[in-house]
Structures are given as structure tokens and as C-alpha cells.
Amino acid sequence: MNKNVFSQLAAEFEKMEKTIEFQSKIIKAATAHKSACPCGFDQSAFELPKLKLDDCSWAEIAMYAQSGMADKVFALGDTKKFTLTDGTTISARIIGFNHDKNKNNIVLPISFETVETLNDDFQMNPEYTNKGGWQNSQLRKMLNNSIIELLPDDLLSVIKPCLKETCLGGGSQKIGMTSDPLFILSEQEIFGRKIYSIGGEGKWYDWYRQENTEYGKCKQNGERDWRWERSPRSDTATYFCDVSGSGVANGDSASYSFGVSFGFCV
């Protein structure tokens, strides 16, 4: 047998053994906590063992997500490293469970955001305008056309498009809807309230809701970085909201170049 084929088979068997071992733990935990109820046991009466994201493939993560067990077997804030097609490495963090929905109003089990920003900086728009908001922005088009092509195939295959609410900008108070595989967070999703945005652009993610959560980001190379939010700034028709490298809410011209930390759902 070809050595490469043998190695691939060995890796697949190892994954299967891990899955079977973990599922055995779940069964043992469940049967050890039976309730007096004739219908079976109380699933809320025990804590399932947690899996490490880095020990799982994206296919395995998706499997647990679709089973409805994601919030039981994975921990909020856990991270998984993956390699982009340009050869650089980046990490994704779980920032929420059962938080987002798709355009058919179906709940998406796991919401991720990259821990680091991409090493390249990007304009929100080439001109000094936030008219059209995130929906019509250049960055949204780039994120879901060229930037998404940097993702490895195994991750791309499990990402589910996510519906997001965002102000249409240009001085408008209207909210527009977008559905994309990749997105960037709104001010409200990060800080839990409106500061420079109009608000109403999604809900506070559980990861950022915790005390002492780091709001600032670094590039993949470790350099502190400012990053865009998808929220237009409410008091001007030219600015979008952003987060400084130290984690402070701010807003700057759409034509400035800042970092991108993107989110996605599985």
C-alpha cells in the first residue's frame, strides 16, 4: 500500500477512535444520571466533558453543531488554528452559541470570530462615504469574494451564510439585511450598546459580554491593529465605526485602511 494512503487512513481511524471515545463518555454520563421520570433521564442534571477545538477537524465540529450538542461539548472562547492559502496561520474563537440565524430564520449553532486581524489592512470604501452601509461597502464585497478564497477547503465546506442587520448609512436610520458566509461584527455585537452607531445591529455576543474580555486585536504577526466594524457612524455620512488597537470604540473615514477580523458560522 502507498505510504501516503496508509498515513491518510491511519489519521482517519484516529479521528474515528476519538469520536467513539468521546461519544462513549457522553453515554456513560447520561446513564449515570437517570431521573425518576418514566420518560428517561434529566439531561440538564449533568455536565458533558468538553472537547478541544484543536483536536477536532472542521467536519467534526460541524457534525456536533448539527447534532444540537455544540454548546454542551465545546467551550465559549475556545480557539482553533488553521492555515490560509497564503501560508499564514490564524485562529478562530467561539464567540457565541445559537446566537445567529440564516435568512430562513434557522439558528446557526456556533459563531466564530478570528482572534487576529489579517496582516493586510483594507478600506471600507475607496471614497469618504458610508452611504449604503455595510450592504454596499467595498470591504463586504472583498471579504466574500477575494478574502474568502484564503480559507482552506475543509473550513469553507462547513461555513453557513449568516443574516446580519446593519444601518444603511448616509445619515439614514434605516436597517438593511445582508446574508454572507463571512462578516465583520457591529458595534453592538462587540460592546453591547450603541456608542457611535445607531444601535439595533444585532445582539451582544457572549464572549464579549464577559468581564475583562480583550476588545483590542493584533495582526497575525503580533502587531497591534485597529479593526473595522460594519456599523456606519451615526453622526456623519463618511465614517464607519472601528475598534482601536487598545480596544477603544471609535470611528474613522471609510477610506482609511484598517484591520479585518472576520466572523463566520458553522
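The values are calculated or read from the model by the stated rules, or taken from the named source; none is laboratory data. Nothing here was measured: the structure is a model prediction, and the numbers come from that model. Note that we place each Cβ from the backbone using ideal geometry, even for glycine, and neighbour counts take in every protein chain shown. Each accessible area value is taken on the protein alone, full model and side chains, heavy atoms only, with ligands, DNA and RNA left out. Shrake-Rupley method; radii C 1.70, N 1.55, O 1.52, S 1.80 Å.
Please tell me which of these pairs span more than 27 angstrom C-alpha to C-alpha: LYS50/LYS141; LYS80/LYS131; LYS141/LYS203; LYS141/LYS217; LYS80/LYS160; LYS101/LYS141? From LYS50/LYS141; LYS80/LYS131; LYS141/LYS203; LYS141/LYS217; LYS80/LYS160; LYS101/LYS141, over 27 Å: LYS50/LYS141; LYS80/LYS131.
For VAL73, VAL107, give the ranking by accessible area with the largest first, probe 1.4 Å.
The most accessible residue leads, giving VAL107, VAL73.
When peptides 91-98, 80-87, 142-149 are sorted by average Cβ neighbour count within 10 Å, with the highest value leading, the order is 91-98, 142-149, 80-87. Under the combined filter of DSSP loop state and at most 11 neighbouring Cβ atoms within 10 Å, the stretch 158-216 retains these trypsin sites (Lys or Arg not before Pro): LYS174, ARG193. With protein chains left intact and a 1.4 Å probe, residues in the stretch 126-255 average 45 Å² of accessible area per residue.
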